[in-house]
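The values are calculated or read from the model by the stated rules, or taken from the named source; none is laboratory data. Since the structure is predicted, the reported quantities are computational estimates derived from the model, not experimental observations. Here the Cβ positions follow ideal geometry from the backbone for every residue, glycine too, while neighbour counts run over all protein chains shown. Heavy atoms of the whole protein, side chains included, go into the accessibility calculation; ligands, DNA and RNA do not. Shrake-Rupley method; radii C 1.70, N 1.55, O 1.52, S 1.80 Å.
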Amino acid sequence: MSFETIITSITDFVLCIAGLFLLLGSILITVKSRFIQIRYLSSTFRVLFSSLWNTNVKESVRTIAPYKALFMAMSTTAGIGTIIAPVIAIHFGGPGALLGFLITSFLGSAATFTEVSLCTQYKQKRADGSIIGGPMPYLNALFSKSVAKWYAICCFILMMSWS
């Protein structure tokens with residue numbers, strides 16, 4: 001067995017465990033939030049469409065219109081992998097892969113909502129007026145500094161493996 005085969009096997013195992021962990025976490029968040037994806041669907045469209053056609057929305061240096069925030073979040077989430085992965089999965093896995101993608105997307109939207117809510121709630125303002133947001137402040141506030149450091153280390157390893 002070659003070194004590349006061993007590394008590939010270990011990487012596949014770790015990714016499978018991580019995917020299972022994320023899926024189970026998304027199911028838990030969906031149930032605990034009482035299916036927030038469905039409950040807030042009408043208000044999501046109401047805010048989106050009212051901000052598109054309402055010309056009275058004032059933008060300043062510190063705020064942006066809701067539709068611009070939505071489109072910015074979508075542009076950072078939807079990459080080439082989001083477009084190509086379903087096609088490859090359907091090719092190799094058949095039509096059941098599409099159902100898997102839809103279920104995972106539905107469950108993952110609750111996790112995304114929770115993450116964005118926590119990032120907004122626990123953002124910190126520095127002395128110079130800049131704002132620190134993202135997962136690090138809320139992991140530090142809700143758990144401990146060591147959890148936030150482990151998150152940073154895992155993200156670093158992920159970025160290094162993608163490169």
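Every residue in segment 76-96 that is over 30 Å from Gly134 (Cα atoms) and among the aliphatic types (A, V, I, L, M), please. Within segment 76-96, Val87, Ile88, Ala89, Ile90 meet the criteria. Count of segment 92-109 residues, restricted to those that are open to solvent by 70 Å² or more (accessible area, probe 1.4 Å) and farther than 11 Å from Thr30 by Cβ, is 8.
In segment 141-163, the residue that is surrounded by the most Cβ atoms within 10 Å (Cβ to Cβ) out of those that are among the small types (Gly, Ala, Ser) and farther than 25 Å from Gly81 by Cβ is Ala148.
Of everything in segment 126-140 that's at pLDDT below 85 and over 18 Å from Ala73 (Cα atoms), which residue is least open to solvent (accessible area, probe 1.4 Å)? Please lay out each step first, then the result.
First pass over segment 126-140, keeping only residues at pLDDT below 85: 129-134.
Remaining after also requiring over 18 Å from Ala73 (Cα atoms): 129-130.
Working: Gly129: 21, Ser130: 44 Å².
Selected residue: Gly129.
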